[in-house]
Amino acid sequence: MSLFPEWRVKRPVPGIVVAPDERLPWPQTFAMGVQHVIAMFGATVLAPLLMGFDPNVAILMSGVGTLIFFFIVGGQVPSYLGSSFAFIGVVIAASGYAGKGANGNLGVALGGIIACGVIYTLIGVLVHFTNERHFRSSTIAGLEVDEVEQGRAVHWIERLMPPVVTGSVVAVIGLNLASVPIKNMAPTAFDAWMQAVTFVSVGLVAVYTRGMAQRLLILVGLIAASVVYGVLTNGFGLGKPIDFSAVAAAPFIGLPKFAAPVFSGEAMLLIAPVALILVAENLGHIKAVSAMTGRDLNPMLGRAFIGDGVATVVSGAAGGTGVTTYAENIGVMAATKIYSTAMFVVAALIAIVLGFSPKFGALIQTIPLAVMGGVSIVVFGLIAVAGAKIWVDNQVDFSDNRNLLVAAITLILGTGDFTLKFGGWALGGIGTATFGAIALWALLGRRKADQA
(Lines give C-alpha, C1' and ligand atoms only; values in the text may rest on other atoms or scores of the structure.)
Protein backbone atom coordinates (compact mmCIF):
# COMPACT_ATOMS: atom_id res chain seq x y z
CA MET A 1 0.00 0.00 0.00
CA SER A 2 1.40 3.39 -1.00
CA LEU A 3 2.06 5.94 1.73
CA PHE A 4 0.92 8.75 -0.56
CA PRO A 5 -2.07 8.12 -2.83
CA GLU A 6 -2.40 9.48 -6.34
CA TRP A 7 -5.65 11.39 -6.14
CA ARG A 8 -7.88 11.51 -9.20
CA VAL A 9 -8.96 15.08 -9.90
CA LYS A 10 -12.68 15.87 -10.01
CA ARG A 11 -14.23 19.08 -11.29
CA PRO A 12 -16.04 21.19 -8.64
CA VAL A 13 -19.65 20.45 -9.59
CA PRO A 14 -22.31 21.29 -6.92
CA GLY A 15 -23.55 18.20 -5.14
CA ILE A 16 -20.77 15.99 -6.50
CA VAL A 17 -19.40 13.26 -4.20
CA VAL A 18 -15.61 13.25 -3.91
CA ALA A 19 -14.16 9.92 -2.73
CA PRO A 20 -11.13 9.54 -0.40
CA ASP A 21 -8.83 8.76 -3.34
CA GLU A 22 -10.11 11.75 -5.35
CA ARG A 23 -9.65 15.49 -4.93
CA LEU A 24 -10.91 18.79 -6.22
CA PRO A 25 -8.44 21.14 -7.96
CA TRP A 26 -5.90 22.45 -5.46
CA PRO A 27 -7.50 25.92 -4.90
CA GLN A 28 -10.79 24.27 -3.93
CA THR A 29 -8.94 21.60 -1.92
CA PHE A 30 -7.15 24.38 -0.02
CA ALA A 31 -10.48 26.06 0.75
CA MET A 32 -11.88 22.77 2.05
CA GLY A 33 -8.76 22.34 4.18
CA VAL A 34 -9.35 25.77 5.75
CA GLN A 35 -12.93 24.75 6.52
CA HIS A 36 -11.72 21.63 8.31
CA VAL A 37 -9.25 23.71 10.35
CA ILE A 38 -12.16 25.91 11.45
CA ALA A 39 -14.23 22.83 12.33
CA MET A 40 -11.55 21.33 14.57
CA PHE A 41 -10.25 24.60 15.96
CA GLY A 42 -12.58 25.22 18.92
CA ALA A 43 -12.23 21.79 20.54
CA THR A 44 -8.52 21.38 19.72
CA VAL A 45 -7.72 24.69 21.45
CA LEU A 46 -10.19 24.31 24.31
CA ALA A 47 -8.92 20.93 25.53
CA PRO A 48 -5.32 22.08 26.19
CA LEU A 49 -6.55 25.22 27.94
CA LEU A 50 -8.66 23.12 30.30
CA MET A 51 -5.60 21.02 31.18
CA GLY A 52 -3.04 23.84 31.36
CA PHE A 53 -1.23 22.84 28.16
CA ASP A 54 0.22 25.25 25.59
CA PRO A 55 -2.45 25.66 22.86
CA ASN A 56 0.22 26.34 20.24
CA VAL A 57 1.82 22.96 20.87
CA ALA A 58 -1.61 21.29 20.77
CA ILE A 59 -2.48 22.89 17.41
CA LEU A 60 0.96 22.03 16.01
CA MET A 61 0.77 18.41 17.15
CA SER A 62 -2.77 18.03 15.82
CA GLY A 63 -1.34 18.81 12.39
CA VAL A 64 1.64 16.51 12.88
CA GLY A 65 -0.63 13.77 14.24
CA THR A 66 -3.00 14.06 11.27
CA LEU A 67 -0.08 13.60 8.86
CA ILE A 68 1.16 10.58 10.84
CA PHE A 69 -2.33 9.07 10.70
CA PHE A 70 -2.57 9.84 6.97
CA PHE A 71 0.66 8.01 6.14
CA ILE A 72 -0.06 4.98 8.34
CA VAL A 73 -3.49 4.43 6.76
CA GLY A 74 -2.03 5.08 3.31
CA GLY A 75 -4.33 8.04 2.72
CA GLN A 76 -7.38 5.75 2.62
CA VAL A 77 -9.24 6.99 5.73
CA PRO A 78 -10.32 10.66 5.71
CA SER A 79 -9.91 11.96 9.28
CA TYR A 80 -8.48 14.86 11.26
CA LEU A 81 -6.81 14.23 14.62
CA GLY A 82 -7.38 16.87 17.31
CA SER A 83 -7.07 17.18 21.08
CA SER A 84 -9.00 14.45 22.87
CA PHE A 85 -11.37 15.42 25.69
CA ALA A 86 -11.10 11.88 27.08
CA PHE A 87 -7.80 12.89 28.71
CA ILE A 88 -9.07 15.95 30.59
CA GLY A 89 -10.33 14.28 33.75
CA VAL A 90 -7.40 11.93 34.23
CA VAL A 91 -4.82 14.61 33.40
CA ILE A 92 -6.36 17.00 35.93
CA ALA A 93 -6.42 14.20 38.51
CA ALA A 94 -2.86 13.06 37.80
CA SER A 95 -1.33 16.54 37.71
CA GLY A 96 -3.47 18.27 40.34
CA TYR A 97 -4.18 21.12 37.92
CA ALA A 98 -6.30 23.90 39.50
CA GLY A 99 -7.84 25.14 36.25
CA LYS A 100 -5.89 28.37 35.73
CA GLY A 101 -2.66 29.18 33.89
CA ALA A 102 0.07 26.73 32.97
CA ASN A 103 0.03 23.21 34.40
CA GLY A 104 2.87 22.96 36.92
CA ASN A 105 2.97 19.15 36.67
CA LEU A 106 2.74 18.99 32.90
CA GLY A 107 5.58 16.46 32.56
CA VAL A 108 3.78 13.86 34.70
CA ALA A 109 0.66 14.19 32.52
CA LEU A 110 2.75 13.83 29.35
CA GLY A 111 4.28 10.59 30.61
CA GLY A 112 0.80 9.19 31.15
CA ILE A 113 -0.32 10.32 27.71
CA ILE A 114 2.65 8.55 26.12
CA ALA A 115 1.86 5.35 28.07
CA CYS A 116 -1.72 5.56 26.82
CA GLY A 117 -0.51 6.02 23.23
CA VAL A 118 1.76 2.98 23.51
CA ILE A 119 -1.10 0.77 24.75
CA TYR A 120 -3.38 2.16 22.05
CA THR A 121 -0.76 1.36 19.40
CA LEU A 122 -0.33 -2.21 20.68
CA ILE A 123 -4.11 -2.72 20.53
CA GLY A 124 -3.97 -1.44 16.96
CA VAL A 125 -1.22 -3.92 16.06
CA LEU A 126 -3.28 -6.78 17.50
CA VAL A 127 -6.41 -5.66 15.63
CA HIS A 128 -4.44 -5.23 12.41
CA PHE A 129 -3.03 -8.75 12.42
CA THR A 130 -6.30 -10.40 13.45
CA ASN A 131 -8.04 -8.42 10.73
CA GLU A 132 -5.35 -9.30 8.20
CA ARG A 133 -5.61 -13.03 8.89
CA HIS A 134 -9.39 -12.83 8.64
CA PHE A 135 -9.44 -11.06 5.30
CA ARG A 136 -6.70 -13.24 3.83
CA SER A 137 -8.64 -16.36 4.72
CA SER A 138 -11.84 -14.99 3.18
CA THR A 139 -13.02 -16.82 0.08
CA ILE A 140 -13.99 -13.51 -1.48
CA ALA A 141 -11.02 -11.95 -3.21
CA GLY A 142 -12.51 -8.53 -4.05
CA LEU A 143 -13.61 -5.60 -1.92
CA GLU A 144 -17.05 -7.03 -1.18
CA VAL A 145 -17.08 -8.98 2.09
CA ASP A 146 -20.21 -10.31 3.76
CA GLU A 147 -21.37 -8.03 6.58
CA VAL A 148 -21.44 -10.87 9.10
CA GLU A 149 -17.83 -11.70 8.28
CA GLN A 150 -16.89 -8.01 8.59
CA GLY A 151 -18.34 -7.99 12.08
CA ARG A 152 -16.32 -11.04 13.15
CA ALA A 153 -13.07 -9.26 12.35
CA VAL A 154 -13.62 -6.77 15.18
CA HIS A 155 -15.99 -8.87 17.29
CA TRP A 156 -13.57 -9.35 20.19
CA ILE A 157 -13.33 -5.57 20.73
CA GLU A 158 -17.08 -5.20 20.88
CA ARG A 159 -17.36 -8.18 23.26
CA LEU A 160 -14.80 -6.57 25.59
CA MET A 161 -16.43 -3.13 25.41
CA PRO A 162 -20.09 -3.36 24.40
CA PRO A 163 -22.19 -0.15 24.16
CA VAL A 164 -23.28 -0.30 27.81
CA VAL A 165 -19.61 -0.20 28.86
CA THR A 166 -18.40 2.45 26.40
CA GLY A 167 -21.45 4.62 27.03
CA SER A 168 -20.94 4.45 30.79
CA VAL A 169 -17.24 5.29 30.58
CA VAL A 170 -17.79 8.22 28.20
CA ALA A 171 -20.55 9.60 30.44
CA VAL A 172 -18.28 9.29 33.49
CA ILE A 173 -15.63 11.51 31.88
CA GLY A 174 -18.07 14.41 31.70
CA LEU A 175 -19.61 13.81 35.13
CA ASN A 176 -16.23 13.42 36.85
CA LEU A 177 -15.21 16.86 35.52
CA ALA A 178 -18.41 18.66 36.61
CA SER A 179 -16.91 20.24 39.72
CA VAL A 180 -13.87 21.73 37.91
CA PRO A 181 -15.52 24.76 36.25
CA ILE A 182 -18.01 25.33 39.05
CA LYS A 183 -15.57 25.18 41.98
CA ASN A 184 -12.30 26.31 40.39
CA MET A 185 -13.18 28.67 37.54
CA ALA A 186 -15.56 31.17 39.15
CA PRO A 187 -13.68 32.89 42.02
CA THR A 188 -16.16 35.81 42.24
CA ALA A 189 -19.92 36.28 41.94
CA PHE A 190 -19.35 38.22 38.71
CA ASP A 191 -17.42 35.29 37.25
CA ALA A 192 -20.27 32.91 38.11
CA TRP A 193 -22.71 35.18 36.28
CA MET A 194 -20.34 35.29 33.29
CA GLN A 195 -20.25 31.50 33.24
CA ALA A 196 -24.04 31.60 32.94
CA VAL A 197 -23.82 34.20 30.15
CA THR A 198 -21.36 31.93 28.36
CA PHE A 199 -23.36 28.72 28.40
CA VAL A 200 -26.53 30.63 27.48
CA SER A 201 -24.64 32.18 24.54
CA VAL A 202 -23.57 28.74 23.34
CA GLY A 203 -27.15 27.52 23.67
CA LEU A 204 -28.51 30.45 21.64
CA VAL A 205 -25.96 29.84 18.89
CA ALA A 206 -26.80 26.13 18.86
CA VAL A 207 -30.54 26.68 18.49
CA TYR A 208 -30.95 29.93 16.54
CA THR A 209 -28.12 29.86 13.99
CA ARG A 210 -27.60 27.75 10.89
CA GLY A 211 -24.76 26.55 8.67
CA MET A 212 -21.14 26.97 9.74
CA ALA A 213 -21.98 29.17 12.74
CA GLN A 214 -24.06 26.34 14.18
CA ARG A 215 -21.28 23.83 13.52
CA LEU A 216 -18.88 26.10 15.42
CA LEU A 217 -21.31 26.70 18.28
CA ILE A 218 -18.65 26.41 21.00
CA LEU A 219 -16.24 28.82 19.28
CA VAL A 220 -18.93 31.34 18.29
CA GLY A 221 -20.52 31.23 21.75
CA LEU A 222 -17.10 31.67 23.37
CA ILE A 223 -16.34 34.73 21.21
CA ALA A 224 -19.75 36.26 21.93
CA ALA A 225 -19.35 35.75 25.69
CA SER A 226 -15.81 37.18 25.57
CA VAL A 227 -17.14 40.32 23.89
CA VAL A 228 -19.79 40.70 26.62
CA TYR A 229 -17.12 40.10 29.28
CA GLY A 230 -14.84 42.73 27.70
CA VAL A 231 -17.63 45.34 27.57
CA LEU A 232 -18.55 44.77 31.24
CA THR A 233 -14.96 44.68 32.56
CA ASN A 234 -12.84 46.86 30.28
CA GLY A 235 -15.76 49.23 29.67
CA PHE A 236 -17.64 49.35 32.99
CA GLY A 237 -15.05 48.00 35.45
CA LEU A 238 -17.23 45.19 36.80
CA GLY A 239 -14.50 42.53 36.90
CA LYS A 240 -10.93 41.75 35.96
CA PRO A 241 -10.33 43.39 32.54
CA ILE A 242 -8.96 41.52 29.53
CA ASP A 243 -5.27 42.30 29.06
CA PHE A 244 -4.08 42.37 25.43
CA SER A 245 -0.50 43.46 26.20
CA ALA A 246 0.83 39.92 25.76
CA VAL A 247 -0.79 39.73 22.32
CA ALA A 248 0.83 43.00 21.25
CA ALA A 249 4.25 41.88 22.53
CA ALA A 250 4.19 38.37 21.02
CA PRO A 251 5.95 37.83 17.67
CA PHE A 252 4.06 36.47 14.69
CA ILE A 253 6.54 33.59 14.22
CA GLY A 254 8.38 31.60 16.87
CA LEU A 255 8.75 28.25 18.57
CA PRO A 256 5.94 26.99 20.82
CA LYS A 257 6.69 25.94 24.42
CA PHE A 258 7.68 22.30 24.03
CA ALA A 259 7.80 20.22 27.22
CA ALA A 260 9.46 16.94 28.22
CA PRO A 261 7.55 14.00 29.75
CA VAL A 262 8.12 12.63 33.25
CA PHE A 263 7.22 8.98 33.74
CA SER A 264 5.35 8.46 37.00
CA GLY A 265 3.86 5.02 37.64
CA GLU A 266 0.81 6.44 39.39
CA ALA A 267 0.06 8.92 36.61
CA MET A 268 0.55 6.31 33.89
CA LEU A 269 -1.78 3.90 35.69
CA LEU A 270 -4.40 6.65 35.87
CA ILE A 271 -4.10 7.94 32.29
CA ALA A 272 -3.32 4.76 30.32
CA PRO A 273 -6.89 3.33 30.51
CA VAL A 274 -8.04 6.17 28.26
CA ALA A 275 -6.72 3.97 25.43
CA LEU A 276 -9.86 1.85 25.77
CA ILE A 277 -12.04 4.93 25.36
CA LEU A 278 -10.09 6.02 22.28
CA VAL A 279 -10.52 2.55 20.77
CA ALA A 280 -14.28 2.74 21.22
CA GLU A 281 -14.39 6.29 19.88
CA ASN A 282 -12.24 5.56 16.82
CA LEU A 283 -14.22 2.39 16.09
CA GLY A 284 -17.42 4.45 15.93
CA HIS A 285 -15.81 7.07 13.72
CA ILE A 286 -14.45 4.47 11.28
CA LYS A 287 -17.89 2.90 11.01
CA ALA A 288 -19.42 6.32 10.35
CA VAL A 289 -16.90 7.19 7.63
CA SER A 290 -17.29 3.73 6.09
CA ALA A 291 -21.06 4.21 5.90
CA MET A 292 -20.73 7.70 4.39
CA THR A 293 -18.17 6.75 1.74
CA GLY A 294 -19.74 3.39 0.90
CA ARG A 295 -16.35 1.72 1.35
CA ASP A 296 -15.48 -1.14 3.66
CA LEU A 297 -12.90 0.33 6.04
CA ASN A 298 -12.87 -2.59 8.50
CA PRO A 299 -9.55 -3.85 7.06
CA MET A 300 -8.09 -0.41 7.91
CA LEU A 301 -9.27 -0.45 11.53
CA GLY A 302 -5.97 -1.71 12.98
CA ARG A 303 -3.98 0.84 10.96
CA ALA A 304 -6.32 3.59 12.17
CA PHE A 305 -5.72 2.59 15.80
CA ILE A 306 -1.96 2.45 15.20
CA GLY A 307 -1.98 5.86 13.50
CA ASP A 308 -3.92 7.44 16.35
CA GLY A 309 -1.74 5.73 18.96
CA VAL A 310 1.56 6.77 17.37
CA ALA A 311 0.26 10.33 16.94
CA THR A 312 -0.63 10.41 20.65
CA VAL A 313 2.86 9.21 21.62
CA VAL A 314 4.53 11.83 19.41
CA SER A 315 2.23 14.58 20.71
CA GLY A 316 2.88 13.67 24.35
CA ALA A 317 6.63 13.55 23.74
CA ALA A 318 6.55 17.16 22.51
CA GLY A 319 4.26 18.57 25.21
CA GLY A 320 0.93 18.21 23.42
CA THR A 321 -2.35 16.60 24.35
CA GLY A 322 -3.46 13.10 23.42
CA VAL A 323 -5.24 13.12 20.06
CA THR A 324 -8.21 11.38 18.50
CA THR A 325 -10.15 11.35 15.25
CA TYR A 326 -12.65 14.22 15.25
CA ALA A 327 -16.41 13.89 14.91
CA GLU A 328 -16.55 17.61 14.03
CA ASN A 329 -14.68 16.97 10.80
CA ILE A 330 -16.76 13.89 10.05
CA GLY A 331 -19.79 16.17 10.30
CA VAL A 332 -18.30 18.56 7.75
CA MET A 333 -17.70 15.64 5.37
CA ALA A 334 -21.30 14.49 5.80
CA ALA A 335 -22.55 17.99 4.96
CA THR A 336 -20.29 18.58 1.93
CA LYS A 337 -20.12 15.01 0.51
CA ILE A 338 -16.39 15.59 0.01
CA TYR A 339 -14.28 12.82 1.56
CA SER A 340 -10.93 13.49 -0.11
CA THR A 341 -7.95 12.79 2.13
CA ALA A 342 -6.05 15.54 0.28
CA MET A 343 -7.95 18.26 2.15
CA PHE A 344 -6.81 16.80 5.48
CA VAL A 345 -3.19 17.07 4.37
CA VAL A 346 -3.86 20.75 3.66
CA ALA A 347 -5.62 21.21 7.01
CA ALA A 348 -2.71 19.57 8.82
CA LEU A 349 -0.16 21.85 7.16
CA ILE A 350 -2.23 24.94 8.06
CA ALA A 351 -2.39 23.77 11.70
CA ILE A 352 1.39 23.32 11.77
CA VAL A 353 1.86 26.90 10.54
CA LEU A 354 -0.52 28.23 13.23
CA GLY A 355 1.41 26.28 15.85
CA PHE A 356 4.51 28.34 15.11
CA SER A 357 2.72 31.67 15.78
CA PRO A 358 3.21 32.92 19.38
CA LYS A 359 0.82 35.80 18.67
CA PHE A 360 -1.91 33.27 17.91
CA GLY A 361 -1.18 31.49 21.19
CA ALA A 362 -1.16 34.76 23.16
CA LEU A 363 -4.57 35.66 21.71
CA ILE A 364 -5.98 32.31 22.86
CA GLN A 365 -4.58 32.91 26.36
CA THR A 366 -6.56 36.16 26.71
CA ILE A 367 -9.85 34.23 26.96
CA PRO A 368 -11.24 35.07 30.44
CA LEU A 369 -11.27 32.28 33.01
CA ALA A 370 -15.01 32.70 33.63
CA VAL A 371 -15.77 32.34 29.92
CA MET A 372 -13.65 29.21 29.79
CA GLY A 373 -15.57 27.93 32.81
CA GLY A 374 -18.90 28.48 31.07
CA VAL A 375 -17.70 26.71 27.95
CA SER A 376 -16.39 23.88 30.14
CA ILE A 377 -19.83 23.38 31.65
CA VAL A 378 -21.24 22.95 28.14
CA VAL A 379 -18.47 20.68 26.92
CA PHE A 380 -18.41 18.41 29.97
CA GLY A 381 -22.19 18.15 29.84
CA LEU A 382 -22.04 17.23 26.16
CA ILE A 383 -19.50 14.51 26.93
CA ALA A 384 -21.82 13.05 29.57
CA VAL A 385 -24.77 13.15 27.18
CA ALA A 386 -22.64 11.56 24.44
CA GLY A 387 -22.32 8.52 26.69
CA ALA A 388 -26.09 8.32 27.05
CA LYS A 389 -26.41 8.71 23.28
CA ILE A 390 -24.29 5.59 22.82
CA TRP A 391 -26.87 3.70 24.90
CA VAL A 392 -29.78 5.11 22.88
CA ASP A 393 -28.17 4.57 19.46
CA ASN A 394 -27.37 0.95 20.34
CA GLN A 395 -30.72 0.33 22.07
CA VAL A 396 -29.14 -0.83 25.33
CA ASP A 397 -31.77 -2.77 27.28
CA PHE A 398 -31.82 -1.57 30.91
CA SER A 399 -34.45 -4.12 31.85
CA ASP A 400 -31.49 -6.53 31.73
CA ASN A 401 -29.93 -6.41 35.21
CA ARG A 402 -26.45 -6.94 33.77
CA ASN A 403 -26.70 -3.73 31.73
CA LEU A 404 -28.43 -1.86 34.55
CA LEU A 405 -25.83 -2.65 37.21
CA VAL A 406 -22.80 -2.10 34.96
CA ALA A 407 -24.06 1.38 34.05
CA ALA A 408 -25.26 2.29 37.56
CA ILE A 409 -22.09 1.27 39.39
CA THR A 410 -19.79 2.78 36.75
CA LEU A 411 -21.52 6.16 36.87
CA ILE A 412 -21.23 6.44 40.64
CA LEU A 413 -17.62 5.22 40.74
CA GLY A 414 -16.60 7.91 38.26
CA THR A 415 -18.81 10.76 39.46
CA GLY A 416 -17.93 10.18 43.11
CA ASP A 417 -14.22 9.81 42.21
CA PHE A 418 -13.99 6.38 43.88
CA THR A 419 -10.28 5.75 44.48
CA LEU A 420 -8.45 2.47 45.09
CA LYS A 421 -4.95 2.52 46.57
CA PHE A 422 -2.24 -0.06 45.95
CA GLY A 423 0.58 0.80 48.33
CA GLY A 424 1.84 4.14 47.04
CA TRP A 425 -0.29 3.95 43.88
CA ALA A 426 -3.81 5.25 43.55
CA LEU A 427 -6.41 4.62 40.85
CA GLY A 428 -8.86 7.52 40.68
CA GLY A 429 -12.53 7.70 39.68
CA ILE A 430 -12.18 7.55 35.91
CA GLY A 431 -9.67 4.69 36.13
CA THR A 432 -11.78 2.65 38.56
CA ALA A 433 -14.88 3.36 36.47
CA THR A 434 -13.18 2.20 33.24
CA PHE A 435 -11.64 -0.97 34.63
CA GLY A 436 -14.69 -1.57 36.80
CA ALA A 437 -17.09 -1.39 33.85
CA ILE A 438 -15.05 -3.90 31.84
CA ALA A 439 -14.59 -6.25 34.82
CA LEU A 440 -18.25 -6.07 35.86
CA TRP A 441 -19.42 -6.79 32.32
CA ALA A 442 -17.23 -9.90 32.17
CA LEU A 443 -18.06 -11.04 35.71
CA LEU A 444 -21.84 -10.59 35.47
CA GLY A 445 -21.90 -12.39 32.15
CA ARG A 446 -20.56 -15.69 33.51
CA ARG A 447 -23.81 -16.94 34.95
CA LYS A 448 -25.67 -16.21 31.73
CA ALA A 449 -22.97 -18.03 29.76
CA ASP A 450 -23.22 -21.02 32.13
CA GLN A 451 -27.02 -21.16 31.74
CA ALA A 452 -26.86 -20.98 27.94
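Positive end of the dipole of the chain, charges at C-beta (+1 Lys, Arg; -1 Asp, Glu), about the Cα centre: which of GLY237, GLY320, ALA171 has its Cα farthest in that direction?
GLY237
List, in order, the whole-Hz ³J(HN,Hα) value for each residue of the stretch 388-398 obtained from phi through the Karplus relation with A = 6.51, B = -1.76, C = 1.60 and θ = phi - 60°; use x for Gly and Pro.
Result, rounded to whole Hz: 5, 5, 4, 4, 5, 4, 9, 6, 5, 8, 8.
Name the lysines eligible as straight-distance cross-link partners of LYS421: C-alpha to C-alpha under 17 Å, and not fewer than 8 places from it in the same chain.
none
Could you point to the residue in GLN195, ILE352, ALA248 farthest towards the positive end of the chain's charge dipole, with +1 and -1 charges on the Cβ of Lys/Arg and Asp/Glu respectively?
ALA248
Give the span of the stretch 164-224's Cα atoms along each principal axis, as three whole-Å numbers ordered largest to smallest.
So the three principal-axis extents are 34, 34, 13 Å.
Alpha carbons only, please: Rg and Dmax for the stretch 231-328, in angstrom.
My reading of the Cα-based Rg and Dmax gives 20.5, 60 Å.
How much of the pair distance distribution for the stretch 329-452 lies past 25 Å, counting alpha-carbon pairs only, in percent? Display every interim value, and only then the final one.
Values: 4346 of 7626 pairs.
Looking at the stretch 329-452, the distances longer than 25 Å represent 57 percent of pairs.
Using a probe radius of 1.4 Å on heavy atoms only, what accessible surface per residue do you get for the chain? Whole Å² is fine.
Details: 19830 Å² over 452 residues.
Spelled out: the 1.4 Å probe surface of the chain, per residue, equals 44 Å².
Just grab the label-to-label distance for ILE253 and LYS100, each label 7 Å out from Cα along the Cβ direction, in nm (one decimal).
Here the modelled spin labels are 3.7 nm apart.
List, in the order given, every pair from LYS183/LYS359; LYS240/LYS359; LYS183/LYS257; LYS100/LYS240 whose Cα-Cα distance in the structure shown is over 19 Å.
The answer is LYS183/LYS359; LYS240/LYS359; LYS183/LYS257.
Is the C-alpha gyration tensor of the stretch 29-94 telling us rounded, prolate or oblate? Criteria: a/c under 1.5 is rounded; beyond that, a/b larger than b/c is prolate, otherwise oblate. Write out the running numbers ahead of the final one.
Details: a/c = 2.55, a/b = 1.66, b/c = 1.54.
Prolate shape, in that a/c is at least 1.5 and a/b is the bigger ratio.
Taking LYS337 as the anchor, which lysines have their alpha carbon closer than 27 Å to its alpha carbon, excluding any fewer than eight residues away along the same chain?
Result set, ordered by chain and number: LYS10, LYS287, LYS389.
Based on DSSP, what percent of beta bridges with both residues in the chain are antiparallel, to the nearest 5? Before the final figure, lay out the partial values.
Details: 6 of 9 bridges.
Beta bridges within the chain, antiparallel portion: roughly 65 percent.
How large is the translational diffusion coefficient of the stretch 2-133 in µm² per second when you combine the Kirkwood radius over alpha carbon pairs with Stokes-Einstein at 37 °C and 0.692 mPa s? Each step should come with its number before you reach the end.
Details: Rh = 17.2 Å.
So the translational diffusion coefficient is about 191 µm²/s.
Checking the a/c ratio against 1.5 first, then a/b against b/c, what shape does the Cα gyration tensor give for the stretch 244-292? Walk me through the numbers on the way to the answer.
Details: a/c = 3.89, a/b = 1.47, b/c = 2.65.
It is oblate, given that a/c is not under 1.5 and a/b is not larger than b/c.
So what are the ³J(HN,Hα) numbers for the stretch 328-334, from phi and the Karplus equation (6.51, -1.76, 1.60; θ = phi - 60°), rounded to whole Hz, Gly and Pro as x?
For the stretch 328-334, the Karplus curve yields 4, 6, 5, x, 5, 4, 4 Hz.
How many Å³ per residue does the convex hull of the Cα positions in the stretch 49-125 occupy?
Per residue, the Cα convex hull of the stretch 49-125 comes to 92 Å³.
The values are calculated or read from the model by the stated rules, or taken from the named source; none is laboratory data. On a predicted model such as this, the values are computed, not experimentally measured, just so you know. As a convention, Cβ positions derive from the backbone with ideal geometry for all residues, glycine included, and neighbour counts pool all protein chains shown. Note: areas computed on protein heavy atoms with side chains; ligands, DNA, RNA excluded. Shrake-Rupley method; radii C 1.70, N 1.55, O 1.52, S 1.80 Å.
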